[in-house]
Amino acid sequence: MKKQITALLLVLMCYSIQAQDNKFNLVIGTYTKGCESKGIYVYSFDANTGDFNFKNAAESTVNPSYLTFSADNKFIYSVNENGNESKVSAFGYTPSNGKIDFLNSQNAMGADPCYIINDDKNVIVANYSGGNIGVFGKNADGSIGEAKQVIQHYGKGINAKRQEGPHVHMVQFSPDKKFVLANDLGNDKVYSYVYNPNSVNAALKVKDSFAVEAGSGPRHLTFSKDGKYAYLLKELSGGLTTFSYSKGKLKKVDQTTILAKDFKGTFTGAAIDISPDGKFLYATNRGDANTISIFKILKNGKLESQGQTSTLGKGPRSFAIDPTGNFLLVAHQYTNDIIIFQRNTTTGKLMDTGKKIELCSPVCLVFTENK
């Protein structure tokens with residue numbers, strides 16, 4: 001009897017530890033000019049239940065539409081997407097209570113930064129309207145130094161309204177951090193830069209560029225968990241390309257679409273990500289579509305469509321999958337909410353939980369440790 005009680009207690013203890021470990025911080029970047037928003041919000045999120053609670057918010061910062069975290073979880077770096085007045089900002093971050101303390105800002109060196117990444121040495125920003133990349137050094141206290149490199153892109157595409165000039169839409173480290181890839185929606189190219197984090201004024205040196213279909217508008221990309229494949233989502237065509245990846249080089253493997261066969265109407269591809277187990281890829285679609293497409297990732301890196309699901313809102317600008325893979329959250333820019341879906345980890349399918357976070361114009365969702 002004592003052995004049974006001891007075994008039961010051990011099971012309960014293990015469950016309790018697991019339940020505690022599955023609690024995270026959900027940090028949200030928003031637009032602040034269309035409705036009332038302080039900019040950056042922190043919620044606690046329970047990946048066992050999908051429940052959430054407000055934790056803290058920034059004092060106030062303009063349009064922090066995309067965020068990135070330092071490796072030690074002590075600092076947040078955000079863009080301030082604000083036309084020619086755009087900046088890049090650094091914040092101190094206390095995970096336990098979600099407190100956010102402004103450190104400093106620097107001129108983004110280009111209009112409308114829309115993506116941001118960082119490592120121990122640098123903060124790197126994609127400036128959409130500026131059509132360039134800004135590299136900023138980090139100071140010892142976590143603040144951002146002045147720009148130490150600006151790389152200007154050139155060229156345009158066939159879509160006169162959207163591709164009148166270069167529009168850098170994303171910068172992304174390669175899995176080994178030896179390269180930075182940059183998608184340019186304006187000239188239909190993906191650039192590969194050799195990355196030297198310690199360089200004073202030449203952290204990025206171009207290695208290669210890959211042209212995609214004219215007018216397709218490359219937006220976001222993500223890598224397979226083993227780093228052998230890259231998946232590129234095109235905003236203007238809804239195309240989704242699989243590349244093999246090696247040492248800064250891309251080679252096209254396959255092509256598919258996020259559009260349903262019978263879809264008619266306007267659309268713009270938005271966000272792309274892969275489940276923590278590496279088995280499924282998801283991509284959101286805005287305009288009249290407002291869907292998220294689900295793909296099974298095959299052993300050869302190709303994608304097998306599992307169909308589309310309504311995101312239950314308008315303008316699914318971004319989404320995030322919690323680290324356990326149990327839930328997928330979609331941020332709707334125009335209906336001012338974040339819809340919480342439960343993931344079937346076997347089929348990849350999504351089920352509405354009926355739970356949502358109501359928040360002004362959410363754009364970027366990032367899960368972090370809560371301590």
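Observations
- Residues being in contact with a Ser or Thr (Cβ under 7 Å, 6 or more places away or on another chain) and polar (S, T, N, Q) - total across segment 307-345: 7
- Yes/no for ALA126 being more than 19 Å from the chain's Cα centre (by Cα) and among the aliphatic types (A, V, I, L, M): no
- Unmet criterion (only one of (1) under 20 Å from LEU67 (Cβ atoms); (2) aromatic (Phe, Trp, Tyr); (3) open to solvent by 10 Å² or more (accessible area, probe 1.4 Å)) for PHE179: (1)
- Residue tally, condition touching a strand residue (DSSP E or B) at 6+ places or on another chain (Cβ under 7 Å) and either closer than 22 Å to LYS161 by Cβ or open to solvent by 20 Å² or more (accessible area, probe 1.4 Å) (or both), over segment 196-221: 18
- Scanning segment 296-321 for residues that are touching a residue at least 12 places away in the same chain (Cβ under 8 Å), closer than 15 Å to ILE274 by Cα and surrounded by fewer than 23 Cβ atoms within 10 Å (Cβ to Cβ) yields LYS296, ILE297, GLY301, LYS302, SER305, GLN306, ALA320, ILE321.
- Inter-residue pairs, beta-carbon under 7 Å, first without any contact (Cβ under 8 Å) to a residue 24 or more places away in the chain and in segment 260-281, second small (Gly, Ala, Ser) and open to solvent by 10 Å² or more (accessible area, probe 1.4 Å), 6+ apart: THR266/GLY287
- Test set (1) of a type outside the set (Ser, Thr, Tyr); (2) open to solvent by less than 40 Å² (accessible area, probe 1.4 Å); (3) touching a residue at least 40 places away in the same chain (Cβ under 8 Å); (4) in a strand (DSSP E or B) - LYS148 fails condition number: (2)
- Meets criteria (open to solvent by 10 Å² or more (accessible area, probe 1.4 Å) and touching an Asp or Glu at 6+ places or on another chain (Cβ under 7 Å)) for LYS251: no
- Selection count where residues are surrounded by fewer than 24 Cβ atoms within 10 Å (Cβ to Cβ) and either of a type in the set (Val, Ile, Thr) or out of contact with any Cys (no Cβ under 7 Å at 6 or more places or on another chain) (or both), scope segment 328-337: 4
- The C-beta contact set for segment 339-353 (first residue over 20 Å from GLY313 (Cα atoms) and open to solvent by less than 70 Å² (accessible area, probe 1.4 Å), second residue modelled with pLDDT of 95 or more and of a type in the set (Asp, Glu), distance under 7 angstrom, 6+ apart or interchain) comprises THR345/ASP277.
- For segment 126-145, filtered to residues that are of a type in the set (Gly, Ala, Ser) and in a strand (DSSP E or B), the residue that is farthest from GLN106 (Cα to Cα) is ALA126.
- Given (1) open to solvent by 20 Å² or more (accessible area, probe 1.4 Å); (2) in contact with a Gly (Cβ under 8 Å, 6 or more places away or on another chain); (3) within 22 Å of LEU365 (Cα to Cα), number of the condition ILE124 does not satisfy: (1)
The values are calculated or read from the model by the stated rules, or taken from the named source; none is laboratory data. Here the structure is a predicted model, which is why all the values come from computation and not from measurement. No Cβ is skipped: glycine too gets one built from the backbone with ideal geometry, and neighbour counts run over all protein chains shown. Protein only, heavy atoms only, side chains kept; ligands, DNA and RNA dropped before computing areas. Shrake-Rupley method; radii C 1.70, N 1.55, O 1.52, S 1.80 Å.
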